[in-house]
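Working notes for the structure below.
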Amino acid sequence: MSALQQPTDVDVPAAGDTAGIGQAMRDYWARVRGGDIGSLPAVLGLIALVILFSVLEGSTFLSIFNFANLINQSAAIIVLAMGLIFVLLLGEIDLSAGYAAGTAAAVLAVTLTNWGWSWPLALAAALVTGMVIGFVIGLLVARLGIPSFVVTLAMFLALQGLMLLIIGEGGTIPIRDDAILVIMNGNMPVWLGWLLALVIVAGFALSTFLAIRRRRKAGLPAEAMSVWLVKVLALAVLIGVATYLLNQERQLPNAKIVIQGVPWVVPVILVLLVGLTFILQRTGFGRHVYAVGGNREAARRSGINVKGLMITCFIFCSTLAAVAGVLLASRDNSVSPTTGGAQTLLFAVGAAVIGGTSLFGGRGKIRDAVIGGLVIAVIANGLPLITQQSGIQFVVTGLVLLVAASVDAISRRKAAASGA
Amino acid sequence: MTTDTPLLSLRGINKSFGPVHVLRDVDLDVRAGRVTALVGDNGAGKSTLIKGVAGIYPFDSGQVMFEGAPVSIGGPKQANALGIEVVYQDLALCDNLDVVHNMFLGREMKSGVTLDETAMEKRAGETLKGLSVRTLKSLRQQVSSLSGGQRQTVAIARAVLWNSKLVILDEPTAALGVAQTEQVLALVRRLADNGLGVILISHNMNDVAAVADDIACLYLGRMAAQVEASTVDNRQVVELITTGRSGDLGLQPEVAAAGGVA
Ligand SMILES: Nc1ncnc2c1ncn2[C@@H]1O[C@H](COP(=O)(O)OP(=O)(O)OP(=O)(O)O)[C@@H](O)[C@H]1O
Ligand SMILES: [Mg+2]
């Protein structure tokens, strides 16, 4: 045990408040230096990329249409990455999530278009497909103890075949149901967009305020009100600007229609972001997911049902993949054998890792999927404006993923070195 | 405080890992209000024995009696429900969780479906204060940022957080400095004086001499002897540990010798 003394030389008072913004920043910096860097590199990277592309291709990249487009491009990857975070937190991997999305999309398309089911039924069928896939993977990994890498590699192939069988010889099945199409192609009325923004900011402010008050009452150290205020204001500005931009009129390049409003997929992602974050951060189940990822044997000795928990996480992953599949079907207005294929999965894994989720398990948050997904989308969106060579795009995306994985590995080493 | 029925009593315990027969017909009695030191050489089977009691894995055969009644401990939760707490040799902490999360792992306090973080943090703080632990900077520190001794204190605090009847400590002072070792031994004594049963596994004869009321010695998976600490001296204990016998005490010569072959 090489006990490098811990670098946290901050003095957190035993009771009372953390003293103001300066202290909060120092605390945060101490955590970053201790290896707990979270989403910091991704956020910095995102800002750097946006500045870079704005300087190089300002008018096009910064156009309002492109901003909405960014959301459209990243939505499915973000949701897929959210699911992957559940298994990455365990220290496992799901290579089949992309084709789980594709298979669910195929089920959606067949039931909706070929069999004429109503959209809620078809949607339910797609989600159940995801659940079953996740349950099977979970059983094989947790009960039989096959490494998840192997199980999901096999599923990667099997699901690809299953998709072909479901879709049949026709090749492509169109989606014509308005309720499904509106998710990725429709926008909220302007007033509703503003209302949504208000609800988010007020909800965040209220819930964090109540948490601070609860800790004060219990005599525990709590965040200073000045720090709280800065956070709320920062969120308000961010959400306000985004809503304002999306509520501007924008024109599709090749069509003459003028549209405006926040895309409907945004509230979908927000609900998932808040709901899944709640599950992982505030419930016993979520806490146990982190425990299993951090030290599986310790979790087992604490009486946690490790196998059941792993199966549940794989079900979360594949079910969210099914949601991503629905988004892909909605975006493309159709489902084909390539839906969910190609780089979809790798982009999603990349999004999670770039966002700050560790490949070694135990570290990561749902919001990493959103931040990382936006980084991937900005690259995919900005690079074609600069170069038409798709080879360069692949290379750059690959390099960004490598950088993220290196940051992950280095911060893990730091965390280990700063402890016992 | 001692009563006639032992708090924990093991009879004829056997445990094998595949072809390796680790525990052979082990008997052990632990009385409430007393510190039972469990000693033995590396690989004698001490950790294996207490992991069985903790419900980590089942014994192959033998009887476990708790407070006079036969029990079968099918898992860690059942052991906890009986009032058995264990500080493991490897501490069993999750590096990626903070001190409070680790202390309540698997037994989180809740209000509704959500975790009651404030209540847990308060209780954790009180327990650590009760152990006179002042070296922790924050209860919200990740365990990965703690020193070896600090981790050990967290693991011990986790075991005394609950209203337990039997506390088992597997080499709890291994990573501790002089002052902290002193503290832990005082705590061990205090627990027993409060009427709890305590099993202390240790390689340190000074620790054993300082706090043990009873000494149980495992030799190659057999219980060589269980005696009152006051009836033996240091040399005899060391002999029991290294050869399985000391004068009249311990295994029969042929058994001790046979154990060495198997
Ligand atoms: N899970 C396991 N699988 C196989 N063999 C095991 C396992 N656990 C322990 N053993 C074996 O059982 C024997 C006893 O191990 P145990 O850990 O109980 O010893 P110990 O008395 O605690 O030693 P130490 O003082 O070194 O901690 C050893 O020979 C070990 O190799
Ligand atoms: Mg041991």
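Which residue out of B:Gln142, B:Gln150 is touching a strand residue (DSSP E or B) at 6+ places or on another chain (Cβ under 7 Å), at pLDDT below 90 and facing chain A (nearest Cβ under 9 Å)? Talk me through it step by step, then tell me what you get.
Working: B:Gln150 fails: touching a strand residue (DSSP E or B) at 6+ places or on another chain (Cβ under 7 Å).
Answer to the check: B:Gln142.
Considering each of B:Leu187, B:Leu136 in turn, give the residue that is touching a residue at least 40 places away in the same chain (Cβ under 8 Å) and either touching a helix residue (DSSP H, G or I) at 6+ places or on another chain (Cβ under 9 Å) or over 29 Å from B:Val35 (Cα atoms) (or both). Let's see the steps before the verdict.
Working: B:Leu136 fails: touching a residue at least 40 places away in the same chain (Cβ under 8 Å).
Exactly one residue qualifies, and that residue is B:Leu187.
Which condition number in (1) surrounded by 23 or more Cβ atoms within 10 Å (Cβ to Cβ); (2) facing chain A (nearest Cβ under 8 Å); (3) in a helix (DSSP H, G or I) is the one that B:Leu93 fails?
(3)
Between a residue in region A:321-333 that is closer than 9 Å to A:Ala101 by Cα and any residue that is assigned to a loop (DSSP other than H, G, I, E, B), which pairs come within a Cβ distance under 9 Å, given they are 6 or more apart or on different chains?
A:Ala321/A:Asp94; A:Ala321/A:Ser96; A:Ala321/A:Gly340; A:Ala324/A:Gly340; A:Gly325/A:Thr339; A:Gly325/A:Gly340; A:Leu328/A:Thr339; A:Leu328/A:Gly340
As an exercise: evaluate B:Ala210 against (1) among the hydrophobic types (A, V, I, L, M, F, W, C); (2) over 23 Å from B:Glu85 (Cα atoms); (3) touching a helix residue (DSSP H, G or I) at 6+ places or on another chain (Cβ under 8 Å) and give the number of the one condition it does not meet.
It fails just one condition, (2).
Suppose we keep only residues that are under 24 Å from B:Gln78 (Cβ atoms) and not in a helix (DSSP H, G or I) within region B:188-206. Which one would you say is nearest to ligand 1 (Cβ to nearest atom)?
So the residue we want is B:Ile201.
Return yes or no: is B:Ala124 among the aliphatic types (A, V, I, L, M) and not in a helix (DSSP H, G or I)? Even if it seems obvious, please write down each step before you answer.
Working: among the aliphatic types (A, V, I, L, M): yes; not in a helix (DSSP H, G or I): no.
No.
Restricting attention to region B:64-90, report how many residues are part of a strand (DSSP E or B) and within 16 Å of ligand 1 (Cβ to nearest atom).
Qualifying residue count, region B:64-90: 2.
Listed here are the residues, each with its yes/no results for (1) more than 15 Å from ligand 2 (Cβ to nearest atom); (2) without any contact (Cβ under 8 Å) to a residue 60 or more places away in the chain; (3) assigned to a strand (DSSP E or B).
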site: B:Thr5; (1), (2), (3): yes, no, no
site: B:His21; (1), (2), (3): yes, no, yes
site: B:Ala37; (1), (2), (3): no, no, yes
site: B:Leu49; (1), (2), (3): no, no, no
site: B:Ile56; (1), (2), (3): no, yes, no
site: B:Gly62; (1), (2), (3): yes, yes, yes
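Mind checking which residues of region B:165-187 are of a type outside the set (D, E, K, R), more than 14 Å from every other protein chain (Cβ to nearest Cβ), away from ligand 1 (no atom under 16 Å from the Cβ) and not in a helix (DSSP H, G or I)? So that I can check it myself, show each step before the final result.
Taking region B:165-187 and keeping what is of a type outside the set (D, E, K, R), we get B:166-169, B:172-181, B:183-187.
Among the residues that remain, those that are also more than 14 Å from every other protein chain (Cβ to nearest Cβ) are: B:166-167, B:169, B:172-173, B:178-179, B:181, B:183-187.
Narrowing the set further to residues that are away from ligand 1 (no atom under 16 Å from the Cβ) leaves B:166-167, B:178-179, B:181, B:183-187.
Within region B:165-187, B:Leu166, B:Val167 meet the criteria.
This table checks each residue for (1) touching a helix residue (DSSP H, G or I) at 6+ places or on another chain (Cβ under 6 Å); (2) under 18 Å from A:Ile71 (Cβ atoms); (3) among the small types (Gly, Ala, Ser).
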{"position": "A:Lys307", "(1), (2), (3)": "yes, no, no"}
{"position": "A:Thr312", "(1), (2), (3)": "no, no, no"}
{"position": "A:Phe316", "(1), (2), (3)": "yes, no, no"}
{"position": "A:Ala324", "(1), (2), (3)": "yes, yes, yes"}
{"position": "A:Leu327", "(1), (2), (3)": "yes, yes, no"}
{"position": "A:Ser336", "(1), (2), (3)": "no, no, yes"}
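Specify which of the listed residues (B:Gln183, B:Gln226) is assigned by TED's automatic domain parsing to the domain that holds B:Val26, farther than 30 Å from A:Leu220 by Cα and surrounded by fewer than 23 Cβ atoms within 10 Å (Cβ to Cβ).
Details: B:Gln183 fails: farther than 30 Å from A:Leu220 by Cα.
Just a single option satisfies the conditions, and that option is B:Gln226.
From the list B:Ser164, B:Ser202, pick out the single residue that is touching a strand residue (DSSP E or B) at 6+ places or on another chain (Cβ under 8 Å), among the hydroxyl-bearing types (Ser, Thr, Tyr), under 20 Å from B:Arg31 (Cα atoms) and within 16 Å of ligand 2 (Cβ to nearest atom). Talk me through it step by step, then tell me what you get.
On the way: B:Ser164 fails: within 16 Å of ligand 2 (Cβ to nearest atom).
Of B:Ser164, B:Ser202, the one residue that is touching a strand residue (DSSP E or B) at 6+ places or on another chain (Cβ under 8 Å), among the hydroxyl-bearing types (Ser, Thr, Tyr), under 20 Å from B:Arg31 (Cα atoms) and within 16 Å of ligand 2 (Cβ to nearest atom) is B:Ser202.
So which of B:Gly83, B:Gly68, B:Gly62 is over 17 Å from the mean Cα position of the chain (by Cα) and closer than 27 Å to B:Asn194 by Cα?
B:Gly68
Considering A:Ala106, A:Ala125, A:Ala154, A:Ala158, which residue is touching a strand residue (DSSP E or B) at 6+ places or on another chain (Cβ under 8 Å) and at negative phi? Explain how you work it out, then say what you get.
Working: A:Ala125 fails: touching a strand residue (DSSP E or B) at 6+ places or on another chain (Cβ under 8 Å); A:Ala154 fails: touching a strand residue (DSSP E or B) at 6+ places or on another chain (Cβ under 8 Å); A:Ala158 fails: touching a strand residue (DSSP E or B) at 6+ places or on another chain (Cβ under 8 Å).
Of the residues listed, the single one that is touching a strand residue (DSSP E or B) at 6+ places or on another chain (Cβ under 8 Å) and at negative phi is A:Ala106.
Taking region B:96-132, which residues are facing another protein chain (nearest Cβ under 7 Å), touching a residue at least 24 places away in the same chain (Cβ under 8 Å) and either in contact with a strand residue (DSSP E or B) (Cβ under 8 Å, 6 or more places away or on another chain) or under 21 Å from B:Gly149 (Cβ atoms) (or both)? I'd like the intermediate steps shown before the answer.
Within region B:96-132, the subset facing another protein chain (nearest Cβ under 7 Å) is B:96-97, B:101, B:105-106, B:108, B:110, B:113-115, B:118, B:121-122.
Next, only the ones that are touching a residue at least 24 places away in the same chain (Cβ under 8 Å) stay: B:96-97, B:105-106.
Within region B:96-132, B:Asn96, B:Leu97, B:Leu105 meet the criteria.
Taking the criterion of being part of a helix (DSSP H, G or I) and among the polar types (S, T, N, Q), would at least one residue in region B:241-262 satisfy it? Can you show your working first?
So the first thing to find is which residues in region B:241-262 are part of a helix (DSSP H, G or I), and the list is B:241-243, B:253-261.
From what's left, among the polar types (S, T, N, Q): B:242-243.
There is at least one residue in region B:241-262 that is part of a helix (DSSP H, G or I) and among the polar types (S, T, N, Q).
Out of curiosity, is B:Ser16 surrounded by fewer than 22 Cβ atoms within 10 Å (Cβ to Cβ), within 16 Å of ligand 1 (Cβ to nearest atom) and not in a helix (DSSP H, G or I)?
Values: surrounded by fewer than 22 Cβ atoms within 10 Å (Cβ to Cβ): yes; within 16 Å of ligand 1 (Cβ to nearest atom): yes; not in a helix (DSSP H, G or I): yes.
Yes, satisfied.
Which numbered condition in (1) of a type outside the set (Lys, Arg); (2) within 10 Å of another protein chain (Cβ to nearest Cβ); (3) more than 22 Å from B:Arg123 (Cβ to Cβ) is the only one that B:Gly68 fails?
Result: B:Gly68 fails condition (2) only.
The values are calculated or read from the model by the stated rules, or taken from the named source; none is laboratory data. These figures come from a predicted structure and were not determined experimentally. Glycine also receives a Cβ, built like all others from the backbone with ideal geometry; neighbour counts cover every protein chain displayed.
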